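Beneath this line is the structure, given in structure tokens, with notes to follow.
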């Protein structure tokens, strides 16, 4: 943590002779990623004058960045000192440097082979840097970067635009001097006048031209300063543009404007400058107009993309990079999503489609388990293009169909949200959130409220239990009676079975009479005993045959219940 917790260092990014770079999170801006540059003690710590001069140079870099405002230059957020060290907080540019296009050494000293870039892409990046140099030249006090090279040019991952970084040696013209290489730039890229301690805006043009030469040939100009032996291998107009920008005499050298115009003349030849014409006659002269017209003529643009018409127009304008973006966008199965992806790649700052979802919340009221309920959401695209969103509930008992939707501007689609009441926990109040996450843009949270009727739930469960009990008793009674009947028939058919049943009945009758008169006063004579005996005889008969049947029925019912439990588990 730095500056009282304002910045949290995440990882080191690199280290140079005068500064070290760290990736950090700006805790005061929702952990937005940024770059913290630390001034290193590259000077003699015992020399107070040299230390003050180094600090002044570091502050100058921060002041320059704070005053500059150009899309090709990173923004500065803050400057501060802490524990005797000095820091600049800058915009984090996510991407790779153009050093990937040339053979170079990594931080460990290992050789990394080049990943060559198409000549058209190199020229497009150089045009962008020329625009930055023109802006620096037109400042009230012109600024010279002094160290343009592949490692100081970052290609932004999202937009594909190049950004010029590291203004640690930037100065106004005719300042500085000495033999310190950190002041006059990098050997091979630095113009001859920089080695003499004198520079002007065209010094940066020389360094940019040397960078373009290196990217196109992979021939490091640092190996032979001021000589570019492979210029003749490049296309004629491009080679001529580089020769004029690499002239050693600064007065005869191209300005940033002249260098840019020469590159544009090669990149977009006159015979390839025809506009793109839509099927209804709409005309686009450049990429910006093409993006706007695609939004206005969506169905036609979708067909043009599918047919490869945009690819051919880009190739005619020598924009093979944009043709490749059109081809990769067509990998999307959904043609509308493919066109939206394509337009976003042409213009990453294109506003994302804004989806509105109604209603803003869902109240399912009071439900009972086992009775699912559904509500309908309406998704509408209110701005532009093709908007997509994915719905994800926060609980398993909430379902959506479909889970992903997409709609064009002005169109509506429906999403059915269902509560699986059988999965609701046994409590009255239930709350959930249905998150709608668009492909681009902010997530929308839809509150969901469900109430479970506990009284109805108790009645339903009691009814279900009684129904199950009746089902089990019915099956148990049938099975028990079947077993008892089979055993009774077997007993009657046996040799002594009938006499056993008769004896059992008589004994039960005698026992019942004896128990009755034992409970009451004993009878005075034998006649009353006999009357009681014959009165108890039917009950004894019922007990002899009914009690075993009830026992078999109870046993069969218990067995069926156990079977049902095993089946469900």
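The values are calculated or read from the model by the stated rules, or taken from the named source; none is laboratory data. On a predicted model such as this, the values are computed, not experimentally measured, just so you know. No Cβ is skipped: glycine too gets one built from the backbone with ideal geometry, and neighbour counts run over all protein chains shown.
Of all residues in segment 369-380, those that are modelled with pLDDT under 80 have Cβ atoms under 8 Å from Cβ atoms of residues that are surrounded by 15 or more Cβ atoms within 10 Å (Cβ to Cβ) and in a loop (DSSP other than H, G, I, E, B), 6 or more apart or on another chain, in 369/424. In segment 64-82, which residue that is modelled with pLDDT of 85 or more and over 20 Å from residue 28 (Cβ atoms) is surrounded by the fewest Cβ atoms within 10 Å (Cβ to Cβ)? The qualifying residue surrounded by the fewest Cβ atoms within 10 Å (Cβ to Cβ) is 69. Looking for whichever is surrounded by fewer than 19 Cβ atoms within 10 Å (Cβ to Cβ), more than 25 Å from residue 337 (Cα to Cα) and touching a helix residue (DSSP H, G or I) at 6+ places or on another chain (Cβ under 6 Å) here; the options are 372, 396. Which one fits? Every option except 372 fails the conditions. Within segment 31-47, no residue that is outside the structural domain of residue 88 (by TED's automatic domain parsing) sits with its Cβ atom under 9 Å from a residue that is at pLDDT 90 or above at 6+ positions apart or across chains. Of all the numbered requirements in (1) modelled with pLDDT of 70 or more; (2) closer than 24 Å to residue 498 by Cβ, residue 513 misses one, and that requirement is (1).
For segment 133-149, how many residues are over 15 Å from residue 206 (Cβ atoms) and buried (at least 17 other Cβ atoms within 10 Å of the Cβ)?
2
Residues in segment 212-252 that are assigned to a helix (DSSP H, G or I), under 24 Å from residue 100 (Cβ atoms) and free of Cβ contacts under 8 Å to residues at least 40 places away in the same chain: 213, 217, 221, 222, 223, 231, 233, 239, 241, 242.
This table checks each residue for (1) modelled with pLDDT under 90; (2) buried (at least 20 other Cβ atoms within 10 Å of the Cβ); (3) under 18 Å from residue 340 (Cα atoms).
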{"site": "240", "(1), (2), (3)": "no, no, no"}
{"site": "243", "(1), (2), (3)": "no, no, no"}
{"site": "251", "(1), (2), (3)": "no, no, no"}
{"site": "290", "(1), (2), (3)": "no, yes, yes"}
{"site": "312", "(1), (2), (3)": "yes, no, no"}
{"site": "316", "(1), (2), (3)": "yes, no, no"}
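Which numbered condition trips up residue 57, out of (1) in contact with a strand residue (DSSP E or B) (Cβ under 8 Å, 6 or more places away or on another chain); (2) closer than 25 Å to residue 171 by Cβ; (3) touching a residue at least 60 places away in the same chain (Cβ under 8 Å)? With (1) in contact with a strand residue (DSSP E or B) (Cβ under 8 Å, 6 or more places away or on another chain); (2) closer than 25 Å to residue 171 by Cβ; (3) touching a residue at least 60 places away in the same chain (Cβ under 8 Å) applied to residue 57, the lone miss is (1). Scan segment 108-141 for residues that are in a helix (DSSP H, G or I) and farther than 15 Å from residue 257 by Cα and the total you get is 4. Do we have residue 260 as within 26 Å of residue 186 (Cβ to Cβ), crowded, with 18+ Cβ neighbours inside 10 Å and under 44 Å from the mean Cα position of the chain (by Cα) here? Judged against the criteria, residue 260 is a match.
The listed residues are 411, 388, and the only one of them that is surrounded by fewer than 16 Cβ atoms within 10 Å (Cβ to Cβ) and closer than 12 Å to residue 356 by Cα turns out to be 411.
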